[in-house]
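One structure below.
The values are calculated or read from the model by the stated rules, or taken from the named source; none is laboratory data. Just so we're clear, the structure is a prediction, and the values are computed from it rather than from any experiment. So basically every Cβ, Gly included, is an ideal-geometry build from the backbone, and we count neighbours across all protein chains shown. With ligands, DNA and RNA removed, areas are computed over all heavy atoms of the protein, side chains included. Shrake-Rupley method; radii C 1.70, N 1.55, O 1.52, S 1.80 Å.
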Amino acid sequence: DLLRVRALGKNAQIDVEVTDNGLLPQLDLTASAGPIGNAGNFGDSLSQLGGFDSYAYTAGLTFSTPIQRRAQKGAYQAASHNLRRAKVSEREIEAQIAVAVVRAVHLVRSAKKRIEVLTKAADLARINVESEQARFGVGRATSYDVLLRQDELAQAQLRQVRARVD
């Protein structure tokens, strides 16, 4: 998207430059030169033309500019608007990219912290299972208590794996 918007911006910049040039007045110079034949009959005219006996030179200068230049001004304003819109879109996409990168960095940091915390929680759950099994061995706990601690260990390990995947 960013490359597409940048290309549109370059195209809009070219349009602005072209339409800005259209606001200028037009000055044209025309010139011509060549042999001519000027006589009372066709044969004498043709012999003058073929012998390069006489030459004609002409030059012209034409200056033109529209009075109010509405079409040129409108085209220039439209091109300028397109250029501004492309620049705003480019800045917006750059900001979206920056936000996405910051979010990704925060997610990675958060996942790293979660891994650290959940590793400690899994270690503590493992110790709880071992102590509950020891209590069960001496008759101080039920099998339900042992299964409950084993379930807590499994949940802690699952959360730890999810954090690593994230």
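Taking Cα atoms, how many degrees apart are the long axis of helix 2-22 and the longest axis of the chain, rounded to 10 and kept between 0 and 90?
20
Tell me the net charge near residue 149. Cut-off is 15 Å between Cβ atoms, residue 149 excluded, with +1 for each Lys or Arg and -1 for each Asp or Glu. Walk me through the intermediate numbers first.
Numbers: positive: 126, 135, 140; negative: 123, 130, 132, 145, 151, 152.
My count for the surroundings of residue 149 gives -3.
If we count every other residue with Cβ under 14 angstrom of residue 3's Cβ, Lys/Arg +1 and Asp/Glu -1, where does the sum land?
Numbers: positive: 4, 6, 10; negative: 1, 90, 94.
Taking every other residue near residue 3 into account, the sum is 0.
Pop out the carbon and sulfur fraction of the accessible area of the chain as a percent, whole number, probe 1.4 Å. If you can, show how the numbers build up before the last one.
Working: 7390 of 12690 Å².
Carbon and sulfur atoms account for 58 percent of the accessible area of the chain.
Could you work out how far the C-alpha centroid of the stretch 138-166 sits from that of the stretch 117-133, in angstrom?
One Cα centre to the other: 8 Å.
Computed from the coordinates I sent, Rg and Dmax of the Cα atoms in Å equals one of (1) 18.8, 67; (2) 43.7, 144; (3) 21.2, 63. Tell me the label.
Recomputing Rg and Dmax of the Cα atoms in Å here gives the entry labelled (2).
Rg/Rh for the stretch 45-103 to two decimals, with Rh computed the Kirkwood way over all alpha-carbon pairs.
Numbers: Rg = 29.5 Å, Rh = 17.7 Å.
For the stretch 45-103, the value is 1.66.
Tell me, how many Å apart are the Cα centres for the stretch 15-38 and for the stretch 54-114?
30
Under a 5 Å amide H to amide H cut-off, with H placed in plane at 1.01 Å, what residues pair with residue 53 once short-range neighbours are removed?
none
Determine the principal axes of the Cα atoms in the stretch 74-160, then give the extent along each, sorted from largest to smallest and rounded to whole angstroms.
Principal extents (Cα only, largest first): 93, 19, 11 Å.
For the stretch 21-105, run through the trypsin sites (Lys or Arg not before Pro) and keep only the ones in DSSP coil with at most 16 other Cβ atoms within 10 Å of their Cβ.
Values: sites: 69, 70, 73, 84, 85, 87, 91, 103; in loops: 69.
Here the sparse-neighbourhood loop sites are 69.
Among 27, 46, 153, which one shows the biggest mean-square fluctuation in a GNM of the chain, springs joining Cα atoms closer than 10 Å?
46
Cut-off 10 angstrom, C-alpha nodes, Gaussian network model of the chain. Which of 67, 97, 115 fluctuates the most?
67
Which residue, chosen from 27, 7, 156, occupies the Cα position most advanced towards the positive end of the dipole of the chain, where the dipole is computed from +1 (Lys, Arg) and -1 (Asp, Glu) charges on Cβ about the Cα centre?
Positive-end residue among those listed: 156.
So what is the accessible area of the stretch 11-105 per residue, in Å², with the probe set to 1.4 Å?
Details: 7210 Å² over 95 residues.
Value for the stretch 11-105: 76 Å² per residue.
What does the charge count around residue 26 come to, taking other residues whose C-beta lies under 15 Å from its C-beta (Lys +1, Arg +1, Asp -1, Glu -1)? Each step should come with its number before you reach the end.
Values: positive: 69; negative: 20, 28.
So the environment of residue 26 carries a net charge of -1.
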